[in-house]
1. Could you work out how far the C-alpha centroid of segment 73-95 sits from that of segment 1-22, in angstrom?
2. Would you check segment 2-195 for Lys pairs whose C-alpha atoms are within less than 15 Å, ignoring same-chain pairs closer than 8 in sequence, and give me the count?
3. So what are the ³J(HN,Hα) numbers for segment 155-167, from phi and the Karplus equation (6.51, -1.76, 1.60; θ = phi - 60°), rounded to whole Hz, Gly and Pro as x?
4. Can you tell me the relative contact order of segment 2-195? Whole percent, Cα pairs under 8 Å, sequence separation 6 or more.
5. Which order do Asp396, Asp265 fall in if you start with the one that has the fewest other Cβ atoms within 10 Å?
6. Leu141 versus Lys181, label points 7 Å from Cα toward the beta carbon: distance in nm?
7. With a/c under 1.5 counting as rounded, go ahead and sort segment 2-195 into rounded, prolate or oblate using the C-alpha gyration tensor (a ≥ b ≥ c being the square roots of the eigenvalues; past the cut-off, prolate if a/b is larger than b/c, else oblate).
8. Going by the alpha-carbon gyration tensor, a ≥ b ≥ c the square roots of its eigenvalues, is segment 324-379 rounded (a/c under 1.5) or, if a/c is not under 1.5, prolate (a/b greater than b/c) versus oblate?
Amino acid sequence: MDKHYSSSLATVLTQLVPTGGAVLDLGSMSSGTTEAFLQKKCRCYVEDLLDYLDDIHKTNAEPIAALNAHLLPKDASQKFNVILCWDLLNFLSLETISSLFETLKPHLQPGTLLHFIKYSGSKIPAYPKRFRLLQDFTFELYGTANDQSLISFPHSTIKLLKHLDLFSIRNTSMNQQGMQKDMVEYLLEFSENGSRPSAHGIKQSGLVSYFQSTQAQNVCEFHALNSLLDSVEDKSITTILDLGKNTNRSLEYLDNHCQKLLVEDVYSSMTWQRKLKGNNDDVISDGLLTLPNATSLDLVLIWDLFSYCSPKQFERLAQIIANKMQAGALLHLVMHRNKMIPENPATFEVMLNKQVNISGNLQCKNKNEFITITGLMKLLPQFKIKTHNTIRLNDDIAYQELLLQFTPNRTF
């Protein structure tokens, strides 16, 4: 019996969907997932697109017209918090996908979550999988004797996202413990302004990081960050913005030291924007961080992102962040000190013992476009150095840790 663990759906149910929310399940009634949401007093609606796919396979009906006839009527005021697609998008053409979500658009609201599964290889099953919930968001994958081979569509991720341009990527999961190796899970979020990245409150307490490796790869102490968090009492730091990855790491320690934790995977957002535009434009738009107007940031964790931005990008990012800060707010970052650096930013996880686990592909292959601390501060004219330390992870990687304070005595 094949099984698949969905960390994305576990996060949606335990942290993101509100009690009493509305869930649209495009899959089968037999998944059992609706039962999990019903326990949270959610209102659940099932479209069963498996029946639709069977019908157009048997009748050769025009797909979009048949889809419009299949979809159940909805009250004009109905808004959904979550839409579950399972692996069905692998069996719909891009034109049908666009039509489906254009039809659903009146029932979306800012923050509506879209979950789907994409097969990572060229081999797609002959028929959509049925997902039966077992426990703890582990699913049994099964078929029936009546399942027939259907036309599948090995969409590239770029093309698929272009046809889901009402949404922005919030989270991706793949090759995690308990997951099927050929499946990639996507969690997207609706924005009225189109495909834009957004910041999200993340609550890790109460959700075990099922897929996270139990073995720390590289552990060290960031003394400035530790001293700062040690001095915080009664969550006096109201809001922390973490610009690192929003998957594959626990955020419980940070969450316990603030009233609100926001996570924005800026590097992934910048990478996707470049790919979608089809160029290497290093311009950062004002919409890179879609923080609410009233947001006031007390601490921003940039980690090693600085080393993967052009000076122009980093200067613009700092401007956007500073616009959400009051005097005295803090900015934490680390600079690579070696001549060579890894190809991509590392994943930084503050563990419960206050040490920082640094993971990812840390093999140093790229030249470090080294900028001195003096050069860095020229890009950050409204910040001053509060404290700094040198940290050596191994023979190849050393960091300069800096904690900066916002001093808005000059304008950009």
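1. Segment 73-95 and segment 1-22 have Cα centres spaced 17 Å from each other.
2. Value for segment 2-195: 10.
3. Using θ = phi - 60°, the values come out as 4, 6, 4, 4, 5, 4, 5, 5, 8, 10, 6, 6, 10 Hz.
4. Relative contact order of segment 2-195: 27 percent.
5. Asp396, Asp265
6. Going from the Leu141 label point to the Lys181 one covers 1.2 nm.
7. rounded
8. It is oblate, given that a/c is not under 1.5 and a/b is not larger than b/c.
Coordinate-derived values only; no laboratory data. Every value quoted in this text rests on a predicted model; they were computed, and no experiment measured them. Virtual Cβ from ideal backbone geometry, glycine too; neighbours counted across all protein chains shown.
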